[in-house]
Structure formats: structure tokens, C-alpha cells
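The values are calculated or read from the model by the stated rules, or taken from the named source; none is laboratory data. Everything quoted here is computed from the prediction, not taken from an experiment. Quick reminder, even Gly has a Cβ in these numbers, built from the backbone with ideal geometry, and neighbours come from all protein chains shown. Keep in mind that these areas ignore ligands, DNA and RNA; they rest on the heavy atoms of the full protein, side chains included. Shrake-Rupley method; radii C 1.70, N 1.55, O 1.52, S 1.80 Å.
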Amino acid sequence: MILLATLGRRLLVAVPILLVVSVLLFVALRVLPVDPAAMSMPPNATRDEIEGARRQMGLDRPLPEQYAIWLGHAVHGDFGRSIHLRRDVLPLIGQTLPGTIELAVCAMVVASVLGLAGGLLLFSLRGRAAEAVAETGTTLLMSIPEFLWALLFIFVFGVLLQAMPFTGRLDPGLERPVVTGFLLLDALLVGRVDVFRSAAVHLLLPAVALGLAFAPPIMRVLRSSLLDVYHEDYIRQARLRGVSETRILLRHALKNAILPTLTLMGVQFGFLFGGSLLVEVIYSYPGMGNLMVDAVRNADLPIIQLVGLTYCVVVLLINSLVDGLYLVLNPRLRKR
Amino acid sequence: MPRWLRSGRVIVGLLIVLAVLSCALFAPLLAPHDPDEQDLLATLLPAAWQAGGDPAHLLGTDGLGRDVLSRLMFGARVAMTVALVASFGAMAVGSVLAYVAGYLGGWADWLIGRAVDVWMSFPPVILSLILMTGLGTGASNVILAIVLVDWTRFCRVLRSEVLVVARRDYVAAARLVGFSHWRTVTREIVPATIPLLVTLLTLEMGIAVVVEAILSFVGLGVKSSQIAWGQMIADGREAIYQAPWNLLAPVAAIFITVAGFNMLGDGLRRSLDVRMVEGRE
């Protein structure tokens, strides 16, 4: 109940944010030095023809009017047509978003597992000589962003060892089942083990590359909140009662230390979702990131606009969910 | 010797940053070749120590026969320029807004807080791509895009610090003595937040190096006539089987530079004893 109520409240706040975001996107993209109308025409088009295309796209009207028209269509689910691909934009998002979510969720699982395990490891090294080494290690880990991991993995596992595929989502020759759009899920739904295996193998490198980049901050926050929690009286109490150290760590300390870590993981997931763009480009993974980069190269405004908006919607949704979860897990924050 | 210089991390970080900076500044003197000089008879040479390598090209040559090491050194120029200018710019915008929001409170705080909310709902990579679409390529636009994206990193963290500092007794005392608002902020509050600012600034420089590389990699960074690490990576990816150093060299350069800034920032954070929100990007 609390989760739903918070979620509802947060989503209400998200609506005006999204409106402002859409205005900003609109303005940022309309100061463009390139002319999308001219780009959509064949190279031998006359000036009049280009002018006609501009008028048809509504690009000759004042900016606020253009926005009002766009918004009017948008609330009816019409986000315009791609200038370059000459298709409606909304289905394009529908086709690419599940792939990106699949990648981001898998990467987040990798980041969480590595982050939490690493945080516990760092914490268990406290006061020992190895601590300094481990801390320098995390600083160095934090210096490798996702796209460097992605490139290094391609070099090591794809080129040197030739052990892993590093383009696309499936082996060529396998047909892609489409039920929900989530490939792993779809493969299971239609009962194709070979498709599932191929998809999982293709997803492994991108997901680990993306996850690795976002694990070190989780390690650090978990470690420092564990250090904070261990100063509390209830830890000493538990010790006096003869509770074992492992049990103190896992049952008493971790429960409280996980809260700040969870907040950070929510923020991280937002960043990770954006970071998936580069990983998609590097692994030629057909998702929203590649759609976006292609659109940017072709100055395909309707696509850029909707993809940008979709990224924001996802981030806002994640933030609202994390806030709700936080309240569920931390009764102290609940208001009567 | 000041306390912050006694930290091992600070010294190592500083040495790395200074080394990269010297490569950038003295690239014309240090580089063994003209970075744009093509030698179409010696394309995609492997590194000097590998079979078929040429001692004249330590890290080999790229697809047009240009010397990788020389390009790496000239690439440091764009990376360091962007890192320094963009992070100072982001700090200027973000910290001024943070002081205004934290000190004045009220509607100014509300307005700035909502602006941060809007900005934070964009993943940074997406926002910078959109801005570069609008602005067009070029080093100065890369800098502008980073400033416009990353001011929130400073604003968010610094605002909460200002809130704490502004409630201290000596700030109230300064007001009672008759200091104007301007003088209270500049003389009492700003100095108290300098350690945090320095730390954030250093970490932001590392972030700026990465963002510039990302934008140049996608082809939306500096002009294609300029040498940038991100572009070298994009080119090197094509030649990954024949001459892997085309790819590995710029990857290593980015890692070393970012690690330098991160070590420096981390060391400063510890020795200046700044409570800081952990987070990346």
C-alpha cells in the first residue's frame, strides 16, 4: 500500500518534470544548424520543394506554435514520423525499448551482485594491510567507464580468445521469436533453448561491461555505511549477547547499511540506462541507443525527441520505484 | 609541507596529471612524427616490439600510416583542454547556483532545486548527445555541452554543504556584526566550501575526459580535423585484428588520465576531510 501511494505521488510530480523536459528537448533541437527538411529531400530538390517540405513539417511556424501542435498530437499517442526512416516513431520505440531494458536489467544485476559482494569484501578488510590496496583498486576500477570495458572485452574475448560473439543479439541464421519483445523471455515462451542460449551468450559481454562500470560506487557506499552502522549501540549489544560476527554482519548490520546503498543503486540505474547507449553502439546491439545514435547522425528530430523523452520516463519511473521501496524498507521514514 | 601533499594518492595522481599535461603542452617537441603525416606504404604497422614492427613507430601506425604515439600525444591536447575548461565552467555555473539556493533559500532554492530535478531525469550521455546535435561539432561546443550537463553535480552536492555552513554560529555572527549578504557569502561561506569544491572539480575533470572521448567516438565531438582519443578509438576498432594498438593505446591513455584525476580527487577528499556524496557520472 505504502509502495503504491508513494509511487502514485512521485509519478504525479514526474508529470510536470516531463513537460518541462519536452519543452527543453524541443527548444534544444530547434536551434539546430542543419535543416531537417532539406535532409529529407532528394539532393536534386528545388528550393521551392524544400520550402514546401518545411511547411508540411510545420517548421515555418513560430516555435511555441510548433510545440503546441507537437504536444496536441503527442497526447493522442502520435509522436510524428521519422524523417529519415519514413515510419511512425512510436512503433520504433516499441521495437527497441525492450532490448535496451533487457540489457540494462541484466547489467544492473551484474552491478548489484559485484557491488554488494565487493562492498562486503572491502568491509571485511578493514584495519588490515590489504585495505589500502583494495581501496586503490576500487579507485582504478572507477576510472574505467563502460565503453572502455566494452572495447577491452571485445579485444580479449572476441579477438584474442575468439570465445564470445560480440555483435547483435543472436547467431545469424536463428529466427527471432517475437512475443513480448524481450528476447530471453520470448525464447523461453516459445520453448527454443537454442535461441535462449544464443541470446544469453550475446548478452553476456555487453551486460558485464555495463555492469562492471557501475559496481565500484556501490561497493564504496556499502562499505562506508557498514562502517557507520558498526558504531551503533545495537551492534555492541548483539556482540555482548554472543551473536556470531557473521550473523551480526548479515542479520543486523547489513539490514540498515543497505538503505543508503539502495538509494545509490537507484541513481546508478538511471545512469546505467543512459550508459547502455554506448555499449549498444559498440556491440551493434539493436536497442534504443543505436536508434538514437543513428537518428542523431541523420538529424532525425522526431526520433531524437521521443527517444530522449523515453529515457527520461524510464529514469523517473526508476526513481519513483526506488523511493517507494525505500519507504517500505525503512519504517522510520513513514509518516502517520 | 601542506597536509594534503603528504597523501600518497595525491602525489601519484598529481604526477600522472602533470605527465599527461606535459605531453599535451609539449606535444610538438615530444612527438616523434607529425601526427597528420601519412605514409601509405606503412599502414597499420604493429607496435615496435611485435613481429613486423618498426622502431620508428613505437606504437605502430594507423590505417593511413600516421604514427599512433604522436597522435596520442596530440590527442592529449583536446582531452586536457576540455577537462580543464569544462570542469571550471561546470563548477562556476553549479556553485553560483548552489550558493544562491543554499544561502537565500525560499523560492530561489525551490526554482533551482526543480531545475536540478529536470536535469537529473536525463541520463548524462543522452543529454550531451542531444545538446551536441543542437550545437554542432567542435571543441568549444563539447565544452559547452559538458558545462550544461554537469553543473548539477556541483549544485546538488554543494547546496547541501552550504545549508550546513550557513547555519553555523560564525555566519550568524558575521551578519550581526553588520556584514552584507554579499560579504557574508564571499568571506564566510565560500572559504568553508573550498575543500569540497576542489575535490568535486578534480573528479569532474576525469568525467570530462570520458565525455569528450564518448562524443568523439560517436562522431559528435571535436571537428574531424582535430585529433582526439575518442576518434582514435573509433578508427582503431576497425583495425582491431591487424593492429590492436590502434585501439589499445587510446583506451590506455583515457584510463591513465582518468585514474590520475580520480586518485588526486580521492586523495584530496580524504586529506581535506570532506564529507561527500559518493557517486559516479
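Annotations
- Residue count for the stretch B:217-262, restricted to those that are within 10 Å of chain A (Cβ to nearest Cβ), of a type in the set (Phe, Trp, Tyr) and open to solvent by 20 Å² or more (accessible area, probe 1.4 Å): 2
- Every pair of residues 6+ apart whose Cβ atoms lie under 8 Å, when the first sits in the stretch A:267-288 and is more than 7 Å from every other protein chain (Cβ to nearest Cβ) while the second is of a type in the set (Lys, Arg): A:268/B:280; A:282/B:237; A:285/A:169; A:286/A:169
- Residue in the stretch A:69-76 that is farther than 30 Å from residue A:136 by Cβ, assigned to a helix (DSSP H, G or I), without any contact (Cβ under 8 Å) to a residue 12 or more places away in the chain and open to solvent by 80 Å² or more (accessible area, probe 1.4 Å) present: yes
- Candidates B:185, B:142, B:149, B:164 - the one that is within 14 Å of chain A (Cβ to nearest Cβ) and among the β-branched types (Val, Ile, Thr): B:149
- Residues of the stretch B:15-43 that turn out to be of a type in the set (A, V, I, L, M) and surrounded by fewer than 19 Cβ atoms within 10 Å (Cβ to Cβ), as a count: 11
Conditions tested, residue by residue: (1) open to solvent by less than 20 Å² (accessible area, probe 1.4 Å); (2) touching an Asp or Glu at 6+ places or on another chain (Cβ under 7 Å).
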| residue | (1), (2) |
| --- | --- |
| B:87 | yes, yes |
| B:94 | yes, no |
| B:109 | no, no |
| B:114 | no, no |
| B:128 | yes, no |
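- Boolean, residue B:265 is open to solvent by less than 10 Å² (accessible area, probe 1.4 Å), within 11 Å of chain A (Cβ to nearest Cβ), modelled with pLDDT of 95 or more and out of contact with any His (no Cβ under 7 Å at 6 or more places or on another chain): no
- Qualifying residue in the stretch A:281-299 (condition: at pLDDT below 85 and touching a Ser or Thr at 6+ places or on another chain (Cβ under 8 Å)): yes
- Filter result for residue B:191 (away from chain A (no Cβ under 14 Å), assigned to a helix (DSSP H, G or I) and either buried (at least 18 other Cβ atoms within 10 Å of the Cβ) or hydrophobic (A, V, I, L, M, F, W, C) (or both)): no
- Segments classed as helices (runs of 4 or more DSSP H), wholly inside the stretch A:219-336, with at least 1 members that are of a type outside the set (A, V, I, L, M) and open to solvent by less than 30 Å² (accessible area, probe 1.4 Å): A:254-282, A:288-297, A:301-329
- Filtered residues of the stretch A:153-172 (kept if touching a residue at least 24 places away in the same chain (Cβ under 8 Å) and either within 10 Å of chain B (Cβ to nearest Cβ) or in a loop (DSSP other than H, G, I, E, B) (or both)): A:154, A:158, A:164, A:165, A:166, A:167, A:168, A:169, A:170, A:171
- Only residues that are assigned to a helix (DSSP H, G or I) and open to solvent by 10 Å² or more (accessible area, probe 1.4 Å) were counted in the stretch B:65-77, giving 6.
Here's the yes/no breakdown for (1) in contact with a Pro (Cβ under 6 Å, 6 or more places away or on another chain); (2) within 13 Å of chain B (Cβ to nearest Cβ); (3) over 28 Å from residue A:58 (Cβ atoms); (4) free of Cβ contacts under 8 Å to residues at least 60 places away in the same chain:
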| residue | (1), (2), (3), (4) |
| --- | --- |
| A:305 | no, yes, no, no |
| A:319 | no, yes, yes, no |
| A:327 | no, no, yes, no |
| A:332 | no, no, yes, yes |
